[in-house]
1. Which one of these does Pro190 not meet: (1) within 30 Å of Ile363 (Cα to Cα); (2) out of contact with any strand residue (DSSP E or B) (no Cβ under 8 Å at 6 or more places or on another chain); (3) buried (at least 17 other Cβ atoms within 10 Å of the Cβ)?
2. Is there a residue in segment 218-232 that is modelled with pLDDT under 90 and in a loop (DSSP other than H, G, I, E, B)?
3. Among the residues of segment 57-106, which ones are without any contact (Cβ under 8 Å) to a residue 40 or more places away in the chain and of a type in the set (Asp, Glu)?
4. May I ask you to say which residue of Ser252, Ser216, Ser186, Ser246 is in contact (Cβ under 8 Å) with a residue 40 or more places away in the chain and in contact with a Cys (Cβ under 7 Å, 6 or more places away or on another chain)?
5. Look at segment 93-120 and say how many of its residues are part of a loop (DSSP other than H, G, I, E, B) and either touching a His at 6+ places or on another chain (Cβ under 7 Å) or more than 16 Å from Glu279 (Cα to Cα) (or both).
6. Just a yes or no: is a residue in segment 82-92 assigned to a loop (DSSP other than H, G, I, E, B) and surrounded by fewer than 23 Cβ atoms within 10 Å (Cβ to Cβ)?
7. Is it the case that Gln62 is touching a Leu at 6+ places or on another chain (Cβ under 9 Å), surrounded by fewer than 23 Cβ atoms within 10 Å (Cβ to Cβ) and closer than 17 Å to Gln181 by Cβ?
8. Within segment 78-88, is there a residue that is touching a strand residue (DSSP E or B) at 6+ places or on another chain (Cβ under 8 Å) and closer than 19 Å to Pro205 by Cα?
Amino acid sequence: MKFKEVGIQSPVLEGIEAMGFENTTPIQEKAIPVILEGKDLIACAQTGTGKTAAFLLPTIQQIQNQQSHGSIDALIIVPTRELAIQIDQQMQGLGYFVDISSLAIYGGGDGASWDVQKKALVNGANIIIATPGRLIAHLNQEYVDLSKVRHFILDEADRMLDMGFYDDIKKIMEGLPVKRQNLMFSATMPPKMRKLAKEVLNENPEEINIAISKPSEAIVQAAFMTYDGQKLDLIKHLLTAKPLDSVFVFLSKKTEVDRAAAEIRKLGINAAPIHSGLEQSKRETVLQDFINKKINVLVATDVMSRGIDIKGIDMVINYNVPGDAEDYVHRIGRTGRAESKGIAFTFVNEDDMFKFSKIEELIEKEILKVPLPQHIGEGPVYNPQSSAKNKGNGGRPKRGFSNRKKR
């Protein structure tokens, strides 16, 4: 459908056209009319379905049509700094032809950035996009007035709960007016999300569920059955087989990311880590260098799989199987975009086979199991049921990043 058909009007339409959008995505088609009616909404849709515009467009239009009271009109809470920045950037584009101000509030900056944020919070930017911790730091200074917020939006709500932001969200809500529109967007809908929804949303909210999309057919998916001690040799083989400009390597634990990036650099490959433990200025530099091809391999955590939107990724490597099957879709969704081809490899050790089988169930597709290169040796035999029953390592010593001795 065209955006005009779902209720978006000029001058917001001009911003949509300027950004090159023509037709609505399914989440936009269903969510925009509900939001324009002023109803509360809980929407389940994965990253990459256009959900940011699904809540930004109607919110921009509502603020444009309302008489601003010189304070914060809409508050959007997100789990990561990267997502806050990206939403603010999209806001700048979609709202280019309307007189609405916005600012991203996140930590990691210097004193000057704090002062800019304080000024926007005190004077009342129309739309504030904030991470929970940074906003609470400002709230503790007692100069932030949230009492006139009309639109309260939680984006990536499930990820915020996973990161332990439940109490922070509750604290932020204490300053909000009772009468407001509440929107919750999430990629998954676990029981704890239902609990939070009951506390955030008014009674009888509208609910939209967009089934998790399958990975793009443009992505070639394959898996290697490996012992942990074979993974670095396999990384070296894949990254040196042919030159690649942009590669993501995903690990589940932040503590392993720095070590993995360092080991990959020892292979003569330009790699860098990115995770929430880095200073914001460093993260922004790493991202920009990756976009500009100064860095060819970005080693990241699952939080980054949702918080980074970079086009033109040649390959995604899952160094380990993600704990959540849906995170697999988010991870490999970094490649194969805009009709381009992409490659996604997953390293599956003997303990992760059952989790990997759950991924195949989710995407309703058997992923090709590729033999290890001969010089690396044989890996474990794929046996998901044995993996489910036996969480041990089958009597084989596990070797991490620092021990690269071949079997």
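1. (3)
2. For segment 218-232, residues modelled with pLDDT under 90 and in a loop (DSSP other than H, G, I, E, B): present.
3. The answer is Asp99, and nothing else.
4. The unique qualifying residue is Ser186.
5. Of the residues in that region, 7 qualify.
6. We begin by selecting, within segment 82-92, every residue assigned to a loop (DSSP other than H, G, I, E, B); these are none.
Scanning segment 82-92 turns up no residue that is assigned to a loop (DSSP other than H, G, I, E, B) and surrounded by fewer than 23 Cβ atoms within 10 Å (Cβ to Cβ).
7. Yes: the conditions hold for Gln62.
8. no
The values are calculated or read from the model by the stated rules, or taken from the named source; none is laboratory data. As the structure is a prediction and not an experimental result, all values here were calculated from the model. Here Cβ is always computed from backbone atoms with ideal geometry, including for glycine, and neighbour counts include all displayed protein chains.
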